[in-house]
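Student: Can you read through this structure? Questions will come right after.
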Amino acid sequence: MTRERIVSPLEQKNDVSKPPTSTPSVRPQDLEHYLGQTELKERLGIALKAAKVRKGPMEHTLLYGPPGLGKTTLAHVIANELGSKAWVTSGPALTKGSDLVGTLTRMEPNDVLFIDEIHRLPAAVEEYIYPAMEDYKIDFTLDSGMHARVVSYALQPFTLIGATTRAGLLTGALRSRFGLVHNIRYYDCDELTDILEQAIALLSFKNIDRDALTRIASRSRGTPRIALRLLRRVQDFALVKTQGECTIEVVNNALALEGIDDAGLDQLDRMYLQTIWSVYEGGPVGVEAIAATMGEDAGTLEDVVEPYLLQIGLLARTRQGRKLTPEGQKIAQEA
Ligand code: ADP
């Protein structure tokens, strides 16, 4: 029997057998090129070495933190380091336990199963996953009524990597089954500059120096995905306006065109601060009310907008709701 494998869109993007596209992938493939997150890398380095010595799978790992900080990338890096394959799916894509059977039964020893947005896994799938995580088996119920019987199917040992932006929404039962639980934190400006420096070689973007990269990094909300997106916008801007030459002034102009201000806040951030200020007199106010006023999804505000505003001290969370800090009020007034 030939083993067929589902290739995730991410892997397709990184497939070296295909001709290069106009926007090559800058996703690091190994731990050495996965920059920053020193503490996490140290813990993972040990877990990976231990797995290799044991010749078994790595511990099940839960990664949590805001979007764009490198959770998916890390799952691929771990699979590469283990010399195994990464199988990618997400919580909302799995509606019933049997949705996972195809993947779980095709996996080879020590492969990695990556489940993004694992907090959105339905209860039925979660129940199904417990024996798979603990004993590498899945249980099927055959027949129904008095003839019903449970049949176990043995799986190859594997590593489950779960990623979530909302660790608090995970059930205690699921969370406790992960051997490693780690918070992916925002990157500092130096780390982001290093990530950009690593990316420019792959993007053939030569006419930009470290100072200009630092300027992009400082406006990227501590997030590699945003830094890399802005880098591409700056590259396009320089290509069209300055024959590729990229000074700090060019970076400033390109970022202004993208609506990014000096603090790295974008239009959605500023609209959020302004709504609390002008409609709710600076708060406290519940996130649902803010979302309804802005016509935005409350989940997007909680996952994407609020963590960074909290981190840089523009917003405070109180029992009564969200409240602008004096610094946040100042920015809201100027916005
Ligand atoms: P998440 O899954 O947390 O939303 P991703 O793994 O998709 O984030 O990362 C977004 C982008 O940022 C990827 O294209 C990846 O190239 C880059 N990236 C993230 N973390 C790092 C890192 N530590 N070093 C280098 N590049 C990174």
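The values are calculated or read from the model by the stated rules, or taken from the named source; none is laboratory data. Predicted, not measured: the structure shown is a model, and the values here were computed from it. Don't worry about glycine lacking a Cβ; one is built from the backbone with ideal geometry, like all the others, and counts go over all protein chains shown. For the accessible areas, the whole protein counts, side chains as well, though only heavy atoms, and no ligand, DNA or RNA atoms are used. Shrake-Rupley method; radii C 1.70, N 1.55, O 1.52, S 1.80 Å.
Student: Once each part is reduced to its C-alpha centroid, what is the distance from segment 275-306 to segment 36-69 in angstrom?
Tutor: With segment 275-306 and segment 36-69 each reduced to a Cα centre, they are spaced 35 Å.
Student: While we're here: Rounded if a/c is under 1.5, else prolate if a/b is larger than b/c, else oblate: which is segment 267-334, with a ≥ b ≥ c the root eigenvalues of its Cα gyration tensor?
Tutor: Taking the square roots of the gyration eigenvalues as a ≥ b ≥ c, segment 267-334 is rounded.
Student: Per-residue HN-Hα couplings for segment 43-54, Karplus 6.51 cos²θ - 1.76 cosθ + 1.60 at θ = phi - 60°, whole Hz, x for Gly and Pro?
Tutor: So the J values, rounded to whole Hz, are 5, 5, x, 5, 4, 5, 5, 4, 4, 5, 4, 6.
Student: Let me ask you something else. Need the C-alpha centroid separation for segment 241-270 versus segment 142-213, integer Å.
Tutor: 30
Student: Quick one: pull the percent of accessible area on the chain belonging to carbon and sulfur, 1.4 Å probe, ligands and nucleic acids left out.
Tutor: With neighbouring chains kept in place, the figure for the chain is 51 percent.
Student: Additional query: What does the accessible area per residue of segment 84-219 come to in Å², with a 1.4 Å probe and no ligands, DNA or RNA counted?
Tutor: Roughly 46 Å² per residue, with all protein chains present.
Student: At 1.4 Å probe size, with no ligands or nucleic acids counted, give the accessible surface of D209 in Å², nearest ten.
Tutor: Taking all protein chains as shown, D209 has close to 90 Å².
Student: Still on this model: Test of understanding: what is the full-extension gain from K330 to S90, defined as 0.36 nm times their sequence separation minus their Cα-Cα distance?
Tutor: Full extension of this stretch gives 82.4 nm more.
Student: What residues qualify as long-range amide H neighbours of L160, i.e. H under 5 Å apart, gap of 5 or more or another chain, H built at 1.01 Å from N?
Tutor: H60, T61, L113
Student: HN-Hα J couplings of segment 314-324 from phi, Karplus 6.51/-1.76/1.60, θ = phi - 60°, integer Hz, Gly and Pro as x?
Tutor: For segment 314-324, the Karplus curve yields 9, 9, 10, 9, 10, 4, 7, x, 7, 9, 6 Hz.
Student: What does the charge add up to near A93, with Lys and Arg as +1, Asp and Glu as -1, over the other residues with Cβ less than 15 Å from its Cβ?
Tutor: -2
Student: Let me ask something additional. How many nm is it between the label spots at K55 and E258, if each spot is 7 Å from the Cα in line with the beta carbon?
Tutor: Here the modelled spin labels are 4.9 nm apart.
Student: Oh, and also: Keeping to pairs on different chains or 8 or more places apart, tell me how many lysine pairs in the chain have Cα atoms under 23 Å apart.
Tutor: Summing the qualifying lysine pairs gives 19.
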